[in-house]
1. Give the residue, chosen from Pro306, Pro233, Pro274, that is under 20 Å from the mean Cα position of the chain (by Cα) and surrounded by 15 or more Cβ atoms within 10 Å (Cβ to Cβ).
2. Starting from residues that are open to solvent by less than 30 Å² (accessible area, probe 1.4 Å) and more than 11 Å from ligand 1 (Cβ to nearest atom), keep the ones in region 86-102 and report whichever is farthest from Ala73 (Cα to Cα).
3. Report, ordered by the first and then the second residue, all pairs with beta carbons closer than 7 Å, sequence separation of six or more or different chains, a first member in region 383-401 that is under 13 Å from Arg425 (Cβ atoms), and a second member that is surrounded by 12 or more Cβ atoms within 10 Å (Cβ to Cβ) and β-branched (Val, Ile, Thr).
4. Return the total of residues in region 69-85 being under 25 Å from the mean Cα position of the chain (by Cα) and open to solvent by less than 50 Å² (accessible area, probe 1.4 Å).
5. Given the criteria free of Cβ contacts under 8 Å to residues at least 60 places away in the same chain and buried (at least 18 other Cβ atoms within 10 Å of the Cβ), does Asp315 qualify?
6. So, in region 10-20, exactly how many residues are surrounded by fewer than 15 Cβ atoms within 10 Å (Cβ to Cβ) and either touching a residue at least 12 places away in the same chain (Cβ under 8 Å) or closer than 20 Å to Leu154 by Cβ (or both)?
7. Can you tell me which residue in region 345-372 is nearest to the chain's Cα centre (by Cα), limited to those that are open to solvent by 50 Å² or more (accessible area, probe 1.4 Å) and among the β-branched types (Val, Ile, Thr)?
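The values are calculated or read from the model by the stated rules, or taken from the named source; none is laboratory data. Keep in mind it's a predicted model, so treat the numbers as computed, not measured. When we count neighbours, we look across all protein chains shown, and the Cβ atoms used for this are built from the backbone with ideal geometry, even at glycine. Calculation scope for accessible area: heavy atoms of the full protein, side chains included, ligands and nucleic acids excluded. Shrake-Rupley method; radii C 1.70, N 1.55, O 1.52, S 1.80 Å.
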Amino acid sequence: MTQILEDVNAQLASKLKATLPSHIFDLLTSAAVQADKHGWQIYLVAGILRDSLLGIDVRDLDISVVGDALQIAEELARSSGFEFEVFGQFGTATLKRPGELNIDLVTARKESYPEPGALPVVETGNIYDDLARRDFSVNAMAVQFMSDRFGTLLDPHDGVGDLRTRRIRVLHNLSFRDDPTRIFRAVKLARRVGFSIEKQTLELILQAVRDGALYTVSMDRITREIILILGEPQADAMLWDLDRFGVLSAIHPLLSWPYEPGRIRPYQDDLLTPDERRDTYLAVLGAEMGSELDEAENMARWLKLPAPHARLMRDAARLGRLWPQFGEEQSRWEIYNLLRDLDVKALQVYARVEALQVDKFAWDKLILFLDTLRHIKPEIGGDYLESLGTRPGPIYGEVLAQLLEAKIEGRVPTRADEEKFVRERL
Ligand code: ATP
Ligand code: MG
């Protein structure tokens, strides 16, 4: 074991040096110097250690301060030009700069859960306390940073062993009962890094779901986890897992993902931003709910989704219901009228669902509307009718509607055609 750890330590120090840009390394150095002046220590923890050891891209930098994280963050922000945000009651701070890794700093703490699903009671703790409160063994490792060098890896929960066997494992049996949002984190991390969920951990997930653990958490916190998942490149596989584990139906009886991984994915998924991907999945979920018209909207309200997301789900549901009609012959004007009142954003994200493109006849109509029909406007309007001496009234609306139809059907290509068309009808 010692031998293995020595290897890991040698690898880790060089991997961390290779991963961290030199100015971030300098920033850490000044953090360590500051901390030392106060008699505090700083540790690199969580994702960066896991991902460096796995040799995959690091997404952000988590630092645990045995001391006062807010004060260190403030001092660093002052000297580095990073922006500085503070979060909530737990003494966490984030340093941000566009185009850079986010740096999250937390004060090392000990947590206890007075009630299942409630927010924890927090007191300051040492680095081992801070690792013991974490979700999975592979996220519960730390390395001290001492201005010019890294300390040895602290791995009290055998995260290295689980990295080797590629497993997601909780630290204790009450983990999901204490914080059921960890169920979402387990599914997300397992798919993201291609690990399996260790057997006992999986049983604990299933048991927590059966025991109603999800009902102990506020919907806001659940929704936040779901939204994060929908932005992930393998969101479909994660939804599939959540469905299989009974999580989706526990959140809402109609929420489901019956598609095996790879069956329903956004078109050109790797080119999408997380927000674009999230919207596409919201549209699919909406369409999936669309058997009764109000269900998608009710579901969105139940999930406490913000209004634009709710509209997207509702209009995707409406489009889903219209979809079979697109298999029939239709004029351009009929297509226009079916789609004109739906949220364009919903149509755009719906069009991104790869599986729909198999149904090329229908899909072409959607694209025709999005790329062409919805932009068509006659050149003349009410002021032209007025210039002919027609008194404003319902006739305006009637004639202009006929004109729009003629324009969309391609019967009045030029302005002169439009004028002639209108004059004939007045
Ligand atoms: P990434 O940032 O790459 O998504 P990460 O593992 O760094 O992955 P974060 O969400 O940044 O994840 O959280 C940082 C660390 O905080 C985690 O690795 C974990 O140790 C701890 N953590 C986050 N959420 C929880 C939770 N609900 N319960 C216990 N520990 C958590
Ligand atoms: Mg992180």
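1. Numbers: Pro306 fails: surrounded by 15 or more Cβ atoms within 10 Å (Cβ to Cβ); Pro274 fails: surrounded by 15 or more Cβ atoms within 10 Å (Cβ to Cβ).
Going through Pro306, Pro233, Pro274 in turn, just one is under 20 Å from the mean Cα position of the chain (by Cα) and surrounded by 15 or more Cβ atoms within 10 Å (Cβ to Cβ): Pro233.
2. Residue satisfying both the conditions and the ranking: Gly91.
3. Short answer, once both residue conditions are applied: Tyr384/Val422; Leu385/Val399; Leu385/Val422; Val399/Val422.
4. Qualifying residue count for the region: 1.
5. For Asp315, the condition - free of Cβ contacts under 8 Å to residues at least 60 places away in the same chain and buried (at least 18 other Cβ atoms within 10 Å of the Cβ) - is met.
6. Residues in region 10-20 being surrounded by fewer than 15 Cβ atoms within 10 Å (Cβ to Cβ) and either touching a residue at least 12 places away in the same chain (Cβ under 8 Å) or closer than 20 Å to Leu154 by Cβ (or both): 4 in total.
7. The selected residue is Val358.
Let's see how each residue does on (1) closer than 25 Å to Ala190 by Cα; (2) within 16 Å of ligand 2 (Cβ to nearest atom):
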position	(1), (2)
Arg50	yes, yes
Gly55	yes, no
Ala73	no, yes
Phe84	no, no
Leu105	yes, yes
Thr124	no, no
